[in-house]
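Novice: Let me give you the structure first, and then I'll get to my questions.
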Amino acid sequence: MDLQYFFELFVGGLTKGSIYALIALGYTMVYGIIKLINFAHGEIYMIGAFTALIIASALSFTGMNPVLIFLISTILAIIFSASYGVTMEKIAYKPLRGSQRLSGLISAIGMSMFLQNYVLLAQTSDFLPFPNLIPEFKFLEPVKSLISPSGFIILVTTAIVMILLTYLIKFTKTGKAMRATSQDPKMSQLLGINISKVITMTFIIGSSTAALGGVLISTHIGQLNFYIGFITGIKAFVAAVLGGIGSIPGAVLGSFVLAWTESFGTGYISSDYEDVFAFLFLIIILIFRPSGILGRPENKKV
Amino acid sequence: MAPILETKNLTMQFGGLTAVDNINFNVNSGEIVALIGPNGAGKTTFFNCVTGVYTPSSGDVLISTDGKAQQRINGLKPNKVTEKGLARTFQNIRLFQNMTVLENVMIGRHTKLKSGLFGAIFHPKSTLEEEEKVIQDSYDILVEVGLEKFVNELAKNLPYGAQRRLEIARAMATEPALLLLDEPAAGMNPHETKELDEMILKIRNTNDISILLIEHDMSLVMSISEKIFVVDYGKLIAKGTPDEIKNNPEVIKAYLGDVSDA
Amino acid sequence: MLDIMKYFTLKEMKKSLVISIWFMILTFPIMVIKVNTIENTVVWRWASLLGMGIGSFIMATLWRYLLERKNMKSPLSTKKTLQMRVVEWANENPKVKPIALIAVSIFVLSFPFFSGLYQTSIMTTALMYVVLGLGLNIVVGLGGLLHLGYAAFYAVGAYTYALLNYHFGLSFWICLPIGAGLATIMGILLAIPVLRLRGDYLAIVTLGFGEVIRIVLENWNQFSFGPSGIAQIPRPGFFGMSMNLQTATTYIYFIMIAMVIFTIFVVRRLENSRIGRTWVAMREDEIASESMGIDITKSKITTFALGAFWAGMVGVVFAAKTTFINPASFTLWESVMILCVVVIGGMGSIVGVVVGAMILILMPEYLRAFSEYRMLIFGAMLVIMMVFRPGGIISNIRKKYKFEPAQAAKNADKEGVR
């Protein structure tokens, strides 16, 4: 077996898994709190990437320092995506609270269609190039064939985000309120937790990490269009379910497992069936563990 | 004659927690038996073990209906247990909310009917007759529990007490040999409880069945049951007639004692 | 009644203004800035900012008005809905039903003769969605199982006809039952592994299943001819008669009419049968159903199988109608579209599904004037629909049974239960 090839696939999976993880977090957190599959989450990721592209391109025409542009556009993309996420929740999900689960899902599907077409109409259906803003890193020289500078940034950023998020969920007041709400929303409310605030926070965090993922992958690949959110969104969702939806470590684990499955599947078997590997793997896992890898089995309360 | 329901050393563990601990228990034909105990004593878990919702960790659940020999029903699925003649109600009402009252009872008749897909689509005479009969039978059951005026109402629109009665009607529709009622009087006012009391007695007397109930309402338990089992922390701590139980110091300590403390 | 004028007070207008400013900022990068990455220039479209401001101001006012109106209606209000009033009126006037039936029949039967080829073709598509919707309704509406891979069964039907015809020259009428049968078998095959899954897990697995089928069709060239698909699939024959396009389109239209009638007939009977009741019971409460003696496993398998049956059948018609199929017709959006037909129309209700299919298929066609905007409008409609009328257009009304009290009492006496 060619070890070099193996490591290439491994690192490729790691980068991809990081992006999935950044998006899957949003799915799993929203699901944990309001039990809704936020189908439009992939569009938030796309809007994040698109906003960054617009701002970065506009700034790059002025000849600003690329690293500075990268930082500004990333931060703005996060702010805007978070705002989209919150607005979306207020319009499409909040009025539906307490109604059937299916209604929320349909509303999310509608939102997804709407946002996709909104970007399509306001901007373009063509692929746009993302300006190259990442500098070369000297210390990556020895492993150049394995990992690109943008890939390196993805790994580092994801690691930092994960650590911050773990801290936030585990040790801050907001994090505690979130965990309590996902356990038992009614009880949390009785104990004085402001559910609406918790939900808003969840959407802010989820949308921000998704936007970050969007910006990072766009710099990595170098181009994007209005449709990128759809399939990546579904994949991230698969990752969240795979890990056990509602569980944050599960989403991260699921993302890497999924990305490696795809990476090795396409690398060693056939590149045509990338998505088939993902879904077949999901189906097989769920047959044996109906609540995902780290998910808690659903209690049969009688 | 063998008891209609008997458990031998029935034990149910969840991880390290033993919710039902070595319980030996029996209900004889025609009896009204109550299972009492403080909250969290393992009563509902016991019910779930008997009715197939949970598979017990160890021990036996044996039933003997229609005078047949005892058979072990551990691990059978709930629908199979129902087919064998055990029917239950739920502590938290679990009606089919968006179906009519009549349809709820008709679902109860499910195991007594035969028609399948072919019958549903082609409406042969046998299916039509069966449908006509199930509608009438279900209506009669509703009359028996006094719900006939709600016949075409959606179950979710019924008043609370009526929902409880509908659960009993639905269970009765399966023609059980043993009816298991999980806190039938929960949330009812004294007047409703008294009506329920009469209804349970009437059901037992007219249909010749046995009844096992879990109940918190002491007046109901003491007035209608012939035998009482008391559990605490998953263990059986006493059994006997209502009078014996009332004076049993163990029971007073474990259960009634709590009440006087409060 | 709520007065809309209330929203034109200074305070309320301020609120709307704040919302509109929020939207102007929110949409600023995407609506206003447009970068030209080839010539490296930026176009600032200030007009869209103004448009967004005015538009969101109006929308915000309207939205709050409608939302408050909706919230004022208590869920237990006894006020009759329009639907209830229509049903009651029809019941009170026994002549209405036959007259309506005749009117609808005349319209349906004469439609292809006054409307032209294009219209007939679209109407046929709408009818196909009626059948698809009714099929999916068995799984989602009655069985309560969220199924996002329904288009896969549709694909099975279409490919069955296309391939059997290509390799063996089998005709439409022979393939129709084969396609439906194969789809049913696929339905059972899918149902078995997913039996233990609930709710959202089920949704994602069925979604995955649908995608797997599509991707396999796309890549397995030897079997399915890949993305280029299969062309020149013959239209249905009628005793070997040769037909021009016009006649053939009309003919398929009538095949679909017959199929819709057949589907409604069967689904109606299923719905109020012993089997159909177990589906609804399963949807309402699985544990309680099991305690009533219902075999959930069997119920789930029958819903999946019967749901798939209709998709397979319509798939065959689809292949025959378009004479060309490729995997692009069976994407996730197709499944979502069919799901929307069911949900928008009204889950569990046959009339609802018919109405839903008509609206969802015909509306985008007639919105072609705004063809660019139709998917946008469509998405917005789904959201608005769910917010303001989550039960769908037509809500499902359970069958009512009539009893003569005296007779019932007599029967009760006879059997000695009273």
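The values are calculated or read from the model by the stated rules, or taken from the named source; none is laboratory data. In this text the structure is predicted, and so the values were computed from the model without any measurement. Don't worry about glycine lacking a Cβ; one is built from the backbone with ideal geometry, like all the others, and counts go over all protein chains shown. These area figures cover heavy atoms from the full protein model, side chains too; ligands, DNA and RNA do not enter into them. Shrake-Rupley method; radii C 1.70, N 1.55, O 1.52, S 1.80 Å.
Novice: Could you look through the range C:344-360, keep only residues that are touching a residue at least 60 places away in the same chain (Cβ under 8 Å) and aliphatic (A, V, I, L, M), and pick out the one that is surrounded by the fewest Cβ atoms within 10 Å (Cβ to Cβ)?
Specialist: C:Met358
Novice: Just checking, which of A:Ser99, A:Ser103, A:Ser107 is at the interface with chain C (Cβ under 7 Å from one of its Cβ atoms) and outside any helix (DSSP H, G or I)?
Specialist: A:Ser99
Novice: Search the range A:137-153 for residues being closer than 22 Å to A:Leu212 by Cα and in contact (Cβ under 8 Å) with a residue 24 or more places away in the chain, and hand back the single one that is nearest to the other protein chains (Cβ to nearest Cβ).
Specialist: So the residue we want is A:Ser150.
Novice: Among the listed residues C:Arg64, C:Arg69, identify the single one that is open to solvent by 80 Å² or more (accessible area, probe 1.4 Å) and touching a residue at least 24 places away in the same chain (Cβ under 8 Å).
Specialist: Residue meeting the stated conditions: C:Arg69.
Novice: Can you name the helices (runs of 4 or more DSSP H) wholly within the range C:84-201 that have at least 2 residues being assigned by TED's automatic domain parsing to the domain that holds C:Gly356 and modelled with pLDDT of 90 or more?
Specialist: By residue number, C:117-137, C:151-168, C:172-194.
Novice: Exactly one condition in (1) touching a helix residue (DSSP H, G or I) at 6+ places or on another chain (Cβ under 7 Å); (2) within 30 Å of B:Asp232 (Cα to Cα); (3) aromatic (Phe, Trp, Tyr) is not met by B:Phe96; state its number.
Specialist: In the conditions (1) touching a helix residue (DSSP H, G or I) at 6+ places or on another chain (Cβ under 7 Å); (2) within 30 Å of B:Asp232 (Cα to Cα); (3) aromatic (Phe, Trp, Tyr), B:Phe96 misses (2) alone.
Novice: Next up: Which pairs do you get when a residue that is more than 7 Å from chain B (Cβ to nearest Cβ), found in the range C:275-287, comes within reach of a residue that is open to solvent by 20 Å² or more (accessible area, probe 1.4 Å), reach meaning Cβ atoms under 6 angstrom, with the pair 6+ apart or on two chains?
Specialist: Cβ pairs passing all conditions: C:Arg283/C:Gly144.
Novice: Looking at this structure, is A:Ile134 touching a residue at least 60 places away in the same chain (Cβ under 8 Å) and either within 27 Å of C:Arg389 (Cα to Cα) or more than 23 Å from the chain's Cα centre (by Cα) (or both)?
Specialist: Spelling it out, it is not the case that A:Ile134 is touching a residue at least 60 places away in the same chain (Cβ under 8 Å) and either within 27 Å of C:Arg389 (Cα to Cα) or more than 23 Å from the chain's Cα centre (by Cα) (or both).
Novice: In the range B:52-76, which residues are within 14 Å of chain A (Cβ to nearest Cβ) and surrounded by 15 or more Cβ atoms within 10 Å (Cβ to Cβ)?
Specialist: Scanning the range B:52-76 gives B:Gly52, B:Val53, B:Tyr54.
Novice: Within the range B:46-80, how many residues turn out to be in contact with a Gly (Cβ under 8 Å, 6 or more places away or on another chain) and in a helix (DSSP H, G or I)?
Specialist: Final tally of qualifying residues: 3.
Novice: Can you find a residue that is in a loop (DSSP other than H, G, I, E, B) and at pLDDT below 85 anywhere in the range A:111-129?
Specialist: No, every residue in the range A:111-129 fails to be in a loop (DSSP other than H, G, I, E, B) and at pLDDT below 85.
Novice: Sticking with this structure for a sec: Looking for something of a type in the set (A, V, I, L, M, F, W, C), open to solvent by less than 30 Å² (accessible area, probe 1.4 Å), under 30 Å from A:Pro129 (Cα atoms) and without any contact (Cβ under 8 Å) to a residue 40 or more places away in the chain - is there at least one such residue anywhere in the range C:52-60?
Specialist: No: zero hits.
Novice: Oh, and also: Check the range C:238-255 and report whether any residue there is within 12 Å of another protein chain (Cβ to nearest Cβ), touching a helix residue (DSSP H, G or I) at 6+ places or on another chain (Cβ under 9 Å) and open to solvent by less than 10 Å² (accessible area, probe 1.4 Å).
Specialist: No, the range C:238-255 has no match at all.
Novice: Looking at C:Arg277, C:Arg283, which one is out of contact with any Gly (no Cβ under 9 Å at 6 or more places or on another chain) and in the same structural domain as C:Gly352 (by TED's automatic domain parsing)?
Specialist: One residue alone meets the criteria, C:Arg277.
Novice: State yes or no: is A:Phe80 touching a strand residue (DSSP E or B) at 6+ places or on another chain (Cβ under 8 Å) and either of a type in the set (Phe, Trp, Tyr) or open to solvent by 40 Å² or more (accessible area, probe 1.4 Å) (or both)?
Specialist: No, not satisfied.
Novice: Could you pull out the residue among A:Tyr20, A:Tyr84 that is within 21 Å of A:Val241 (Cβ to Cβ) and touching a residue at least 24 places away in the same chain (Cβ under 8 Å)?
Specialist: Testing whether each residue is within 21 Å of A:Val241 (Cβ to Cβ) and touching a residue at least 24 places away in the same chain (Cβ under 8 Å) leaves just A:Tyr20.
Novice: Select, from A:Leu102, A:Leu140, the only residue that is open to solvent by less than 40 Å² (accessible area, probe 1.4 Å), under 26 Å from A:Ile248 (Cβ atoms) and at pLDDT below 85.
Specialist: A:Leu102
Novice: Also, I was wondering about something else. Can you confirm whether the range C:310-330 contains a residue that is without any contact (Cβ under 8 Å) to a residue 40 or more places away in the chain, within 14 Å of chain B (Cβ to nearest Cβ) and part of a helix (DSSP H, G or I)?
Specialist: Checking the range C:310-330: not a single residue is without any contact (Cβ under 8 Å) to a residue 40 or more places away in the chain, within 14 Å of chain B (Cβ to nearest Cβ) and part of a helix (DSSP H, G or I).
Novice: Quick one: in the range C:9-32, which of the residues that are over 38 Å from the mean Cα position of the chain (by Cα) and among the aliphatic types (A, V, I, L, M) is least open to solvent (accessible area, probe 1.4 Å)?
Specialist: C:Met13
Novice: From B:Lys156, B:Lys112, B:Lys149, grab the single residue that is touching a residue at least 60 places away in the same chain (Cβ under 8 Å), open to solvent by 10 Å² or more (accessible area, probe 1.4 Å), basic (Lys, Arg) and farther than 24 Å from C:Val267 by Cα.
Specialist: B:Lys156
Novice: Only residues that are in contact (Cβ under 8 Å) with a residue 60 or more places away in the chain and open to solvent by 10 Å² or more (accessible area, probe 1.4 Å): list them for the range A:46-77, please.
Specialist: A:Ser60, A:Pro66, A:Val67, A:Phe70, A:Thr74
Novice: Is it the case that C:Met128 is under 25 Å from the mean Cα position of the chain (by Cα), away from every other protein chain (no Cβ under 13 Å) and open to solvent by less than 20 Å² (accessible area, probe 1.4 Å)?
Specialist: yes
Novice: Only one of A:Leu282, A:Leu216, A:Leu258 is within 12 Å of chain C (Cβ to nearest Cβ), over 14 Å from A:Ala24 (Cα atoms) and either of a type in the set (Asp, Glu) or touching a helix residue (DSSP H, G or I) at 6+ places or on another chain (Cβ under 8 Å) (or both). Can you tell me which?
Specialist: Only one candidate passes the filter, namely A:Leu282.
Novice: Separate question: Tell me which residues, restricted to the range B:96-130, are under 25 Å from B:Leu158 (Cα atoms), more than 7 Å from chain C (Cβ to nearest Cβ) and assigned to a helix (DSSP H, G or I).
Specialist: Of everything in the range B:96-130, those that are under 25 Å from B:Leu158 (Cα atoms), more than 7 Å from chain C (Cβ to nearest Cβ) and assigned to a helix (DSSP H, G or I) turn out to be B:Val101, B:Asn104, B:Val105.
Novice: So, one more: Could you run through the range B:94-103 and say how many residues are open to solvent by 40 Å² or more (accessible area, probe 1.4 Å) and of a type in the set (A, V, I, L, M, F, W, C)?
Specialist: 0
To keep it simple, each residue is scored yes or no on (1) within 13 Å of C:Pro234 (Cα to Cα); (2) open to solvent by less than 30 Å² (accessible area, probe 1.4 Å); (3) in contact (Cβ under 8 Å) with a residue 60 or more places away in the chain.
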site: C:Ala155; (1), (2), (3): no, yes, yes
site: C:Ala158; (1), (2), (3): yes, yes, yes
site: C:Leu170; (1), (2), (3): yes, no, no
site: C:Leu182; (1), (2), (3): no, no, yes
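Novice: Another question, if that's okay. Please name all residue pairs, on different chains or six or more residues apart, with Cβ atoms under 7 Å, provided the first residue is in the range C:210-223 and is within 8 Å of chain A (Cβ to nearest Cβ) and the second residue is open to solvent by 40 Å² or more (accessible area, probe 1.4 Å) and of a type in the set (A, V, I, L, M).
Specialist: Short answer, once both residue conditions are applied: C:Val212/A:Leu280.
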